[in-house]
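Report on the structure given below.
The values are calculated or read from the model by the stated rules, or taken from the named source; none is laboratory data. Remember, it's a predicted structure, so these values are computed and weren't measured experimentally. Every residue, glycine among them, receives a Cβ derived from its backbone with ideal geometry; neighbour counts consider all protein chains shown.
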Amino acid sequence: MKVVPLPSEGLRIGRPLPFTVRDGFGAVLLARGSTIQNDKQLQLLRSREIFIDVSEMESVQRLINGQLDQMFRQDVALGRIAAARPDFEAMPLPGQAGRPAERPLDWPNLQMRLRLLLADPRSADWVARLRTLRDDVLVLVERSPDRALMRLMYDASHDFQDYSANHSLFVCVLASMACSQLPGWQAAWADALTLAALSMNVSFTQMQDELARQPGPMSDAQRDLMRDHPVRAAGLLAAIGVDDAIWLHAVRHHHSAPAGPMAGRSPEETVARLIRRADRYAARLSPRKSRPASSATAAAQAALLDEGGHTDEAGQALIRTLGLYPPGVWVKLQCGEIAMVLRRTPIARSPVVVSLVGRSGMPLAVPATRNTKLPDYAVTGALPPGQVNVRPNLDVLEKMG
């Protein structure tokens, strides 16, 4: 897919988008028909580079040309013509028979929707829209859990542009997949678990994004905000109408849920503990401006051991679900090739992989699936993503899995 930059000045609040907004790689950020709810969401879009498919850009260009031609005919001053920006109000809206405005197309669309929600938690129907987003997330996870892991694992380990929302979405997926492995888990707790994971950093989103892009250590003021943000997030959620005790407790204690056996814990403590371990695992996989991402092996070790260095049951549940080499991570093969994991198998050390870098260190012209049960292609270990200078086409890899 070929994309071209989209001027964002013509975007309007409260009007369905007449085109699909994409990132520089063509991934959907906001689907055609989605609505920008308020000024905070609009400014968030305008703060980043956005793109449009070249085929849709033809309609935009015709609109711009028509608007400029009209200004010439009206003898508008050349200075005003030169400074003119496109007004997308004149573009036809999507038909009513199309996809509903807030339904996702893919993971980037879900990530953008969560960014917009976290940017303005006091907007109308916020809790209801968060639930709708959560439901859409779980549909995609149930449809293809390995594809979900590959997308989110790769995004977590290669980009910190929109760290806060991406991280919360990743933690939500990890916790939702691992929860059934916990001793005494009750399915009724899953609602609070997933909503708490998505909203745990709602009071800290902007600062969390800034810290991810910050090259140096945190200041004392930033440390204070980091320490206090779970309590402030729970207070904010209560103020906008959240009254679920498990949800609020999990948010308030997602940095402080104590270690120890899981048996006999209350639902609130169980949910908070799992989120804490998933949070730690995801954070280790994610780079910052100040440090590179860890390998999947290092992240698994961080999840498996509690704050005292003892085996943690919540971490065990997580790694039992993900495996040693989850989809989306880089691994080294016995033959010297570097591959990406596509799918888990019942044999933890033998996932389905596709080689992208040859033994010479050069990218392969054509990605090649490898049978890791064979000695030459056995996985010898996970690699930190910073050691791999290849950007794979995930759409192509998904079809190979």
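Tabulated data
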read-out: Subset tally (residues that are in contact with a Lys or Arg (Cβ under 8 Å, 6 or more places away or on another chain), among the hydroxyl-bearing types (Ser, Thr, Tyr) and in a strand (DSSP E or B)) for the stretch 361-401; value: 1
read-out: Failed condition for residue 224, given (1) surrounded by fewer than 23 Cβ atoms within 10 Å (Cβ to Cβ); (2) of a type outside the set (Lys, Arg); (3) within 26 Å of residue 136 (Cβ to Cβ); value: (3)
read-out: Pick from the stretch 261-276, criterion crowded, with 20+ Cβ neighbours inside 10 Å and aliphatic (A, V, I, L, M), ranking: nearest to residue 186 (Cα to Cα); value: 271
read-out: Which listed residue, of 339, 365, 348, 378, is of a type in the set (Gly, Ala, Ser) and surrounded by 20 or more Cβ atoms within 10 Å (Cβ to Cβ); value: 339
read-out: Residue 359, sole failed condition from (1) over 23 Å from residue 323 (Cα atoms); (2) touching a strand residue (DSSP E or B) at 6+ places or on another chain (Cβ under 7 Å); value: (2)
read-out: Verdict on residue 249 being assigned by TED's automatic domain parsing to the domain that holds residue 137, under 24 Å from residue 161 (Cβ atoms), surrounded by 14 or more Cβ atoms within 10 Å (Cβ to Cβ) and at pLDDT 95 or above; value: no
read-out: Members of the stretch 388-401 found to be surrounded by 12 or more Cβ atoms within 10 Å (Cβ to Cβ) and over 19 Å from the mean Cα position of the chain (by Cα), listed by number; value: 388, 390, 400, 401
read-out: Test set (1) under 21 Å from the mean Cα position of the chain (by Cα); (2) modelled with pLDDT of 95 or more; (3) closer than 30 Å to residue 213 by Cβ - residue 293 fails condition number; value: (2)
read-out: Subset tally (residues that are under 25 Å from residue 158 (Cβ atoms) and not in a helix (DSSP H, G or I)) for the stretch 186-222; value: 9
read-out: Only listed residue being crowded, with 20+ Cβ neighbours inside 10 Å, under 25 Å from residue 295 (Cβ atoms), in contact (Cβ under 8 Å) with a residue 60 or more places away in the chain and over 15 Å from the mean Cα position of the chain (by Cα), chosen from 178, 192, 212, 196; value: 178
read-out: Residue check for residue 265: basic (Lys, Arg), in a loop (DSSP other than H, G, I, E, B) and assigned by TED's automatic domain parsing to the domain that holds residue 201; value: yes
read-out: Long-range neighbours under 6 Å by Cβ, at least six apart or interchain, first residue assigned by TED's automatic domain parsing to the domain that holds residue 41 and crowded, with 18+ Cβ neighbours inside 10 Å within the stretch 1-20, second modelled with pLDDT under 80 and among the polar types (S, T, N, Q); value: 17/34
